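Heads up: the structure comes next, in structure tokens.
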Amino acid sequence: SGCSWGYGPKNGPDHWHEMGFPIAKEGARQSPIEIKSQEAKYDCNLKPLNLSYDPASSKSISNTGVSIQVDFDDCSDRSVLTGGPLCGKYRLRQFHFHWGACDGHGSEHVIDGKNFAGELHLVHWNAEKYSCFGDAVKAPDGLAVIAVFLKVCDSNPALQKIVCSLECLKSKDSKSEFKDFSPCSLLPSCLQYYTYLGSLTTPPLCESVIWLVLKEPVTIGADQIAKFRCLEFGPNDPMVNNYRPPQPSKCREIRKNFE
Ligand SMILES: O=C1NC(=O)[C@@H](c2ccccc2)S1
Ligand SMILES: [Zn+2]
């Protein structure tokens, strides 16, 4: 127990429902989920994802105590996501990562029983309908999160600027300037996706996320992910396994924009 949630044996995902977040157990659209590719339905009406990101809108990188996060200036439509299943413009607010203590697990979503070593989340909010992130996070169509699987293989040059910044971000609440970073560089060449209605994967677990899970993973080098694992949740508490396991599907429909 203890006052704040985390990923440990006493405050991790299995305890969140008793730490003030009953939706963790009672919710109808909790995330992440296991995606069974054969059960996902091809929908020809799904549009391609349209990303228009301004690298100048990146502001800072920080150790939030639960992840490493890059924040963007979301006071105007500088970096936006449209298309896919979305109605309107969703502004990029931040991206962050989830990863494991070893390469065999660490992703939040699972595809056909396969866990990846990590997962990148690009968090956007519906700035056309809502006036701020705080309002959007309470709405069923408030957020859109792009999830990208991380596969340990060759080193990924696009991650290098992030990896190099980690040395100064070991401790919780540390923060550095992080300018002129293009989030597009982190995406795979193919933007085919699965989509379903879900939730935040951390408390407050609000059921306000339209998930866009990319089919194609991106690589991360063994040396690069090793540096992620040197971060800390707190003093002498390595930041690893900061992921929530899959939640009941509860008969949700998963669609895909590819055959
Ligand atoms: O995709 C997600 N990953 C997380 O850590 C959750 C979250 C929680 C609060 C704000 C933004 C995102 S939702
Ligand atoms: Zn996340």
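Kindly evaluate residue 23 against the criterion of being touching a Leu at 6+ places or on another chain (Cβ under 6 Å), on the phi < 0 side of the Ramachandran plot, within 16 Å of ligand 1 (Cβ to nearest atom) and of a type in the set (Val, Ile, Thr).
yes
Is there any pair linking a residue in region 149-165 that is within 25 Å of residue 112 (Cα to Cα) to one that is among the small types (Gly, Ala, Ser) and loosely packed, with under 14 Cβ neighbours inside 10 Å, with Cβ under 8 Å and at least six apart or on different chains, and which?
152/222
Before we move on, is residue 88 at positive phi, part of a loop (DSSP other than H, G, I, E, B) and either within 12 Å of ligand 1 (Cβ to nearest atom) or of a type in the set (S, T, N, Q) (or both)?
no
Conditions (1) part of a strand (DSSP E or B); (2) at pLDDT 95 or above; (3) under 22 Å from residue 140 (Cβ atoms), marked per residue:
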{"site": "176", "(1), (2), (3)": "yes, yes, no"}
{"site": "179", "(1), (2), (3)": "no, yes, no"}
{"site": "184", "(1), (2), (3)": "no, yes, no"}
{"site": "200", "(1), (2), (3)": "no, yes, yes"}
{"site": "204", "(1), (2), (3)": "no, yes, yes"}
{"site": "213", "(1), (2), (3)": "yes, yes, yes"}
{"site": "247", "(1), (2), (3)": "no, yes, yes"}
{"site": "252", "(1), (2), (3)": "no, yes, yes"}
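Would it be correct to say that residue 225 is assigned to a strand (DSSP E or B) and either within 15 Å of ligand 1 (Cβ to nearest atom) or touching a Gly at 6+ places or on another chain (Cβ under 9 Å) (or both)?
So residue 225 fails the test.
Which members of region 91-109 meet the condition of being within 16 Å of ligand 2 (Cβ to nearest atom) and assigned to a loop (DSSP other than H, G, I, E, B)?
Result: 100, 105, 106, 107, 108, 109.
Per-residue answers, yes or no, for (1) within 19 Å of the chain's Cα centre (by Cα); (2) buried (at least 21 other Cβ atoms within 10 Å of the Cβ); (3) farther than 27 Å from residue 240 by Cβ:
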{"residue": "12", "(1), (2), (3)": "yes, no, no"}
{"residue": "32", "(1), (2), (3)": "yes, yes, no"}
{"residue": "45", "(1), (2), (3)": "no, no, yes"}
{"residue": "52", "(1), (2), (3)": "yes, no, yes"}
{"residue": "73", "(1), (2), (3)": "yes, no, yes"}
{"residue": "92", "(1), (2), (3)": "yes, yes, no"}
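Checking residue 167 against (1) outside any loop (DSSP other than H, G, I, E, B); (2) more than 28 Å from residue 34 (Cα to Cα); (3) in contact with a strand residue (DSSP E or B) (Cβ under 9 Å, 6 or more places away or on another chain); (4) away from ligand 1 (no atom under 15 Å from the Cβ): exactly one of these is not met. Which one?
Of everything listed in (1) outside any loop (DSSP other than H, G, I, E, B); (2) more than 28 Å from residue 34 (Cα to Cα); (3) in contact with a strand residue (DSSP E or B) (Cβ under 9 Å, 6 or more places away or on another chain); (4) away from ligand 1 (no atom under 15 Å from the Cβ), residue 167 misses just condition (3).
Does region 127-144 hold any residues that are surrounded by fewer than 24 Cβ atoms within 10 Å (Cβ to Cβ) and in a strand (DSSP E or B), and which are they?
none
Is region 46-55 home to any residue that is assigned to a helix (DSSP H, G or I) and touching a helix residue (DSSP H, G or I) at 6+ places or on another chain (Cβ under 6 Å)?
No, region 46-55 contains no residue that is assigned to a helix (DSSP H, G or I) and touching a helix residue (DSSP H, G or I) at 6+ places or on another chain (Cβ under 6 Å).
What are the residue pairs meeting all of these: first residue in region 12-38, first residue assigned to a strand (DSSP E or B), second residue among the acidic types (Asp, Glu) and away from ligand 1 (no atom under 16 Å from the Cβ), Cβ atoms under 8 Å, and 6 or more apart or on different chains?
Correct list of pairs: 35/112.
The values are calculated or read from the model by the stated rules, or taken from the named source; none is laboratory data. Since the model is a prediction, treat every value here as computed from it, not as a measurement. Neighbour counts are summed over all protein chains in view; Cβ atoms, including those assigned to glycine, are modelled from backbone coordinates with ideal geometry.
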